[in-house]
Amino acid sequence: MTVGNATYASLDDLPQVVPLFVLPGAILLPRSHMPLNVFEPRYTAMIDSALRTDRMIGVIQPQFDTSNEDLAGRPKLCTVGSMGRITGFQESGDGRYLVTISGVSRFELRGELEERAPFRRGHVDATRFAGDLKVGLGEDEVDRDQLFSTLTEYLSVNELEADWDSVKSASSEVLVNALCMMSPYGPKEKQALLETESLKMRADTLIALAEIELARGNDASGSALQ
């Protein structure tokens, strides 16, 4: 697949070491896009470094127990994250970078480099997620009708709107991954969506989470009426 000006045809095209952008409550999925407003000095240094090399960044969540720290006093990280390529870059004029990272592949974090640097870097292995490099893999297994039905009910209950022309014209992969990234769920739910083994499982998990929220809303309404 091609992301920006780079082609990633096999695992050999992926780096084995990436800088780690630690973001709680955020995930990056293949062929999805994450806009970032970067202002912390350690992360502007990370962007500078990535732009000088392969433009690849790892996005990963901290572990959910906030008391869980490593020997350096930094939050321990989840074992699965995503690597993406910087495909958009703009300087704001006040020290910030406005960046777009486009998802390439998920990875398993095998360890971190022990070095003096303003940002963290990890040894990563994408073998488990080799299918991420195949555009549209598993789209035929996604139940679009159920996905649309659940999404319609969820939006209606929460008084939200959607651009239905864009939603219906999107491929199943683009639609499912975008909905997962934009979903309002917490870090644990987001991590569960990230780690699903297939696009179908990701769509099914997203539907299940939405149905749980809808059921909770119905229970609350019923209790209020009683």
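The values are calculated or read from the model by the stated rules, or taken from the named source; none is laboratory data. What you are looking at is a predicted structure, and each value in this text was computed from that prediction instead of being measured. Cβ coordinates were reconstructed from backbone atoms using ideal geometry, including for glycine residues, and neighbour counts include every protein chain displayed. Only protein heavy atoms, including side chains, enter the accessible area calculation; ligands, DNA and RNA are left aside. Shrake-Rupley method; radii C 1.70, N 1.55, O 1.52, S 1.80 Å.
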Residue list for the stretch 29-63, filter: hydroxyl-bearing (Ser, Thr, Tyr), within 19 Å of the chain's Cα centre (by Cα) and over 19 Å from Ser105 (Cβ atoms)
Tyr43
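When you look at Ala203, is it surrounded by fewer than 18 Cβ atoms within 10 Å (Cβ to Cβ) and either assigned to a helix (DSSP H, G or I) or in contact with a strand residue (DSSP E or B) (Cβ under 8 Å, 6 or more places away or on another chain) (or both), yes or no?
No, not satisfied.
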Checked against (1) outside any helix (DSSP H, G or I); (2) modelled with pLDDT of 90 or more; (3) of a type outside the set (A, V, I, L, M, F, W, C); (4) farther than 21 Å from Gly84 by Cβ, Glu197 satisfies every condition except (4)
Let me confirm something: among Gly93, Gly136, which residue is modelled with pLDDT of 90 or more, of a type in the set (Gly, Ala, Ser), more than 21 Å from the chain's Cα centre (by Cα) and at positive phi?
Gly93
The listed residue being at pLDDT below 90 and open to solvent by 20 Å² or more (accessible area, probe 1.4 Å), out of Ala208, Ala162, Ala178, Ala192:
Ala162
For the stretch 160-200, give me each residue that is touching a Gly at 6+ places or on another chain (Cβ under 8 Å) and farther than 23 Å from Leu133 by Cα.
Gly186, Pro187
Regarding the stretch 59-69, can at least one residue be identified that is open to solvent by less than 50 Å² (accessible area, probe 1.4 Å), hydrophobic (A, V, I, L, M, F, W, C), at pLDDT 95 or above and closer than 11 Å to Pro19 by Cβ?
yes
Condition first: more than 13 Å from Met1 (Cβ to Cβ), open to solvent by 10 Å² or more (accessible area, probe 1.4 Å) and not in a strand (DSSP E or B). Can you find one or more residues in the stretch 98-111 that meet it?
no
Some residue of the stretch 128-136 being closer than 18 Å to Pro24 by Cα and outside any strand (DSSP E or B)
no
Could you run through the stretch 112-127 and say how many residues are more than 24 Å from Val38 (Cβ to Cβ) and part of a strand (DSSP E or B)?
1
Any residue that is modelled with pLDDT of 95 or more, open to solvent by 60 Å² or more (accessible area, probe 1.4 Å) and in contact with a strand residue (DSSP E or B) (Cβ under 7 Å, 6 or more places away or on another chain) - is there at least one of those in the stretch 141-149?
no
Among the numbered criteria (1) in a helix (DSSP H, G or I); (2) under 21 Å from the mean Cα position of the chain (by Cα); (3) surrounded by fewer than 15 Cβ atoms within 10 Å (Cβ to Cβ), which one does Lys168 miss?
(2)
